[in-house]
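Single-structure report; data block below.
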Amino acid sequence: MMNYEMFVEELKNKISVAINIPIENIDFSKDGDRFSPTGDRLLVKFAEHDDAYEICGIHTKELFREFLNGTSFDTILDSTVRDIRQLQGQNSYEKTKKIWNYETVKDSLFIRLLNYDDNSKELSNAVYKRIGDIVQVLYMKVSENDGNIMSTKIFKSVVEKWKEDGLTLSEDNILEEALRNTERMYPPRIYRWDQMLFNPEYEGEEFMSPGTEEVISQDLIGNCLTTAKKTNGAVAIFYPGVTERFADVLDSDLYLVFTSVHEVMIHNDKFVEPEDLQCVLRDTIREATPKEDYLTSRIYQYNRETHKFICVTPLEKDEK
């Protein structure tokens, strides 16, 4: 059986042959490097332009885990090559050129959540809003195919170009508009655990319209909030009016437990203690949250009077 290093090297060689690109155009980038903040990756450079490269990043540890769990190497290779070829066919370079014009790109802007401490280096020139150790980061959606989103981060230099061309919005205003875009692209939904487990067709519950108050659970288990896509769904807690809706129906402040970037559990703060929630969150992250999906180990509170999000639990010892 191949070890991890052998697996990565074999994958690198086979990709080079399969898509007919030089082996020197495939680099291995370790977890924590500039281009691999969330895990080891093979960076496959498949196109070069005067001002940019087109690169596909492949998370190798996840693929090696599949290999150890019984998926054949050939199956993993075929799937990886198919993803690269699909990306090659999307003409991403031409699509991203519109990034320099705000009017052209504004409807494609959206927000992703990241952990600030894990991504501080790559955020140095990014456009974002920080709340505790969570950041709302500005992205542009390049394309979407079969639910898979290709996106690119918006840097401050791009915003400066927008302003040179006459844009008067501040970064905060741009982020607010992008958050509204995100809500239109990916509407918020509550997911009930019993339905998620036993109904493959379940698409969640709409809860923002009048008359849908009963969808919001009053039970101690809390409410699982995400989006209709169930991907990067924790951002829904920051949509306009969402926290206010929960606070009004539950008649309380809220405790927020971000089990990953994909969802957040919302609790009535009258019924639970943040220290207990943090213990549950710690176990969930350890047992069920992949590293690339991690958002925070801390519990947040939403205050319905001030409309503020407050971090109410400290950094845990094993995070330092």
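Multiplying the sequence separation of Met196 and Tyr4 by 0.36 nm and subtracting their Cα-Cα distance, what value in nm do you get?
Values: separation 192, 0.36 × 192 = 69.12 nm, distance 3.44 nm.
Length difference between fully extended and current span is 65.7 nm.
Relative to the first principal axis of the alpha-carbon coordinates of the chain, what is the inclination of helix 274-288, with its axis defined by its Cα atoms, in degrees from 0 to 90 and to the nearest 10?
On a 0 to 90 degree scale, this one is about 30.
Along the charge dipole of the chain, pointing to its positive end and built from +1/-1 on Cβ of Lys, Arg, Asp and Glu, which listed residue (Ser217, Pro188, Ser29) has its Cα farthest out?
Among Ser217, Pro188, Ser29, the one farthest towards the positive end of the dipole of the chain is Ser29.
May I have the extent of the alpha carbons of segment 100-178 along their three principal axes, as whole Å values ordered from largest to smallest?
So the three principal-axis extents are 34, 32, 20 Å.
Among Ala178, Val105, Val137, which residue has its Cα positioned farthest towards the positive end of the charge dipole of segment 67-210, with +1 placed on the Cβ of Lys and Arg, -1 on the Cβ of Asp and Glu, and the dipole taken about the Cα centre?
Selected residue: Val105.
At a 1.4 Å probe radius, carbon and sulfur cover how many percent of the accessible area of the chain?
Details: 8080 of 17070 Å².
Exposed carbon and sulfur together represent 47 percent of the surface.
Compare the peptides 229-236, 290-297 by average per-residue count of other Cβ atoms within 10 angstrom and give them in order, highest first. Walk me through the numbers on the way to the answer.
Values: 229-236: 20.8, 290-297: 18.9.
Result, highest mean first: 229-236, 290-297.
Would you mind computing the Rg to Rh ratio of segment 100-247 from its alpha-carbon coordinates, Kirkwood style for Rh?
Numbers: Rg = 17.0 Å, Rh = 16.8 Å.
Reported Rg/Rh, Kirkwood definition of Rh: 1.01.
Taking 8 Å as the Cα distance limit and 6 or more residues as the minimum spacing, I'd like the relative contact order of the chain as a percentage. Can you show the working numbers first?
Details: 484 pairs, mean separation 34.4, N = 320.
Once normalised by length, the contact order is 11 percent.
For the pairs Lys45/Lys163; Lys121/Lys156; Lys30/Lys129; Lys230/Lys270; Lys30/Lys141; Lys61/Lys141, note any where the Cα-Cα span goes beyond 23 Å.
Details: Lys45/Lys163 32 Å; Lys121/Lys156 14 Å; Lys30/Lys129 28 Å; Lys230/Lys270 28 Å; Lys30/Lys141 26 Å; Lys61/Lys141 26 Å.
Distance filter (> 23 Å) returns Lys45/Lys163; Lys30/Lys129; Lys230/Lys270; Lys30/Lys141; Lys61/Lys141.
Dipole size in debye (nearest 20) for the chain around its Cα centre, Lys and Arg Cβ +1, Asp and Glu Cβ -1?
Dipole magnitude for the chain comes out near 660 debye.
Once phi is turned into θ = phi - 60°, what whole-Hz ³J(HN,Hα) does the Karplus curve with 6.51, -1.76 and 1.60 give for every residue of segment 204-220, x standing for Gly and Pro?
Couplings: x, 10, 6, 9, 8, 7, x, x, 10, 4, 5, 5, 6, 6, 9, 6, 5 Hz.
Given H placed 1.01 Å from N in the peptide plane, which residues other than close sequence neighbours of Leu295 have an amide H under 5 Å from its amide H?
The list, which skips near neighbours in sequence, is Val261.
Along the charge dipole of segment 192-320, Cβ charges K/R +1 and D/E -1, which of Pro274, Thr226, Thr313 sits furthest on the positive end?
Thr313
Mind computing the radius of gyration and Dmax over the alpha-carbon atoms of segment 227-320? Å is fine for both.
Expressed in Å, the Cα Rg and Dmax of segment 227-320 come to 13.1, 37.
Can you run the Rg to Rh ratio on segment 163-320? Use alpha carbon positions and the Kirkwood inverse-distance Rh. Could you put the intermediate results ahead of the total?
Working: Rg = 16.5 Å, Rh = 16.7 Å.
Ratio value, two decimals: 0.99.
Stokes-Einstein D for segment 157-242 at 37 °C, 0.692 mPa s, Kirkwood Rh over Cα pairs, in µm²/s? It would help to have the intermediate numbers written out before the result.
Numbers: Rh = 15.0 Å.
Rounded to a whole number, D works out at 219 µm²/s.
Can you list residues from other chains, or at least 5 along the same chain, whose modelled amide H is less than 5 Å from the amide H of Val127?
Correct list: Leu138, Ile154, Lys156.
Show that you can apply the helix-only estimate: for the chain, add -39,500 (n - 2.57) for every DSSP H stretch of four or more residues, divide by all residues, and state [θ] at 222 nm to the nearest 500.
Numbers: 11 runs with 108 residues, N = 320.
So the helix-based figure for the chain works out to -10000 deg cm²/dmol.
Which order do peptides 245-254, 204-213 fall in by mean Cβ count within 10 Å, highest first? Don't skip to the end; give the middle numbers.
On the way: 245-254: 18.1, 204-213: 13.1.
With the highest mean Cβ count within 10 Å placed first, the list reads 245-254, 204-213.
How much accessible area per residue does the chain have, counting only protein heavy atoms and a probe of 1.4 Å, in square angstrom?
About 53 Å² of surface per residue is accessible.
Normalised by the residues of segment 115-256, what does the relative contact order come to in percent, with Cα pairs under 8 Å and at least six apart?
Values: 146 pairs, mean separation 22.8, N = 142.
Once divided by the residue count of segment 115-256, the mean separation gives 16 percent.
Suppose every K and R has +1 on its Cβ and every D and E has -1 on its Cβ; what is the size of the dipole of segment 165-320 about the Cα centre, in Debye to the nearest 20?
Values: 16 positive and 31 negative charges, 61 e Å.
Rounded to the nearest 20 debye, it is 300 debye.
Just how large is the dipole of segment 116-219 about the Cα centre, in debye to the nearest 20, putting +1 at every Lys and Arg Cβ and -1 at every Asp and Glu Cβ? Don't skip to the end; give the middle numbers.
Numbers: 12 positive and 22 negative charges, 117 e Å.
Dipole of segment 116-219, to the nearest 20 debye: 560 debye.
The values are calculated or read from the model by the stated rules, or taken from the named source; none is laboratory data. If you're wondering where the values come from, they're calculated on a predicted model, not measured in any experiment. As a convention, Cβ positions derive from the backbone with ideal geometry for all residues, glycine included, and neighbour counts pool all protein chains shown. Ligands, DNA and RNA are excluded from the accessible area calculation, which covers all protein heavy atoms including side chains. Shrake-Rupley method; radii C 1.70, N 1.55, O 1.52, S 1.80 Å.
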